[in-house]
Amino acid sequence: PVLRRLALDRLSGVVHATNQRACSWYQFAGEVVAAMGKDPSMVQPIATADLHPPRPAPRPANSVLDNAVLRAAGHSPLRDFGEPLRETVAALLAE
């Protein structure tokens, strides 16, 4: 629905439409594991500098997307990312 609303608004430029709540990749992995019904402590953090092989392109330390344009256009915030994450994991586990 958000893409349809954005198309109807005819906003130009870069518009980020992301779910609420920022997290690191480590936190995201923990949420996935928890949604699978497993202990999230099995996920251990690692520094980007310690990845082998290293990432193919440099990445910023913090690349959280900002929904400022979406908010300024009067759109309601999307729900917390954990909700659709849990729904998706449940659907995948049910397959």
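The values are calculated or read from the model by the stated rules, or taken from the named source; none is laboratory data. This structure is a prediction, so every number in the text was calculated from the model and none was measured. No Cβ is skipped: glycine too gets one built from the backbone with ideal geometry, and neighbour counts run over all protein chains shown.
Remarks
- Selection count where residues are touching a helix residue (DSSP H, G or I) at 6+ places or on another chain (Cβ under 7 Å) and over 20 Å from VAL15 (Cβ atoms), scope segment 60-89: 4
- Once segment 1-47 is narrowed to residues that are polar (S, T, N, Q) and surrounded by 12 or more Cβ atoms within 10 Å (Cβ to Cβ), the residue that is farthest from the chain's Cα centre (by Cα) is GLN27.
The rows are residues; the columns are (1) within 22 Å of LEU85 (Cα to Cα); (2) at pLDDT 95 or above.
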{"site": "VAL14", "(1), (2)": "no, no"}
{"site": "SER24", "(1), (2)": "yes, no"}
{"site": "ALA34", "(1), (2)": "yes, yes"}
{"site": "ALA49", "(1), (2)": "no, no"}
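- Taken over segment 11-26, the criterion of being among the small types (Gly, Ala, Ser) and under 19 Å from ALA61 (Cβ atoms) is satisfied by ALA22, SER24.
- Taking segment 51-74 as the range and being part of a helix (DSSP H, G or I) and farther than 21 Å from LEU85 by Cβ as the test, the residues that pass are ALA68, VAL69, ARG71, ALA72.
- Checklist (1) free of Cβ contacts under 8 Å to residues at least 60 places away in the same chain; (2) assigned to a loop (DSSP other than H, G, I, E, B) applied to LEU93, failing item: (2)
- Whenever a residue of segment 12-41 is in a loop (DSSP other than H, G, I, E, B), its partners that are surrounded by fewer than 16 Cβ atoms within 10 Å (Cβ to Cβ) and small (Gly, Ala, Ser), lying with C-beta atoms within less than 9 angstrom and at least six residues away or across chains, give the pairs VAL15/ALA73; HIS16/ALA68.
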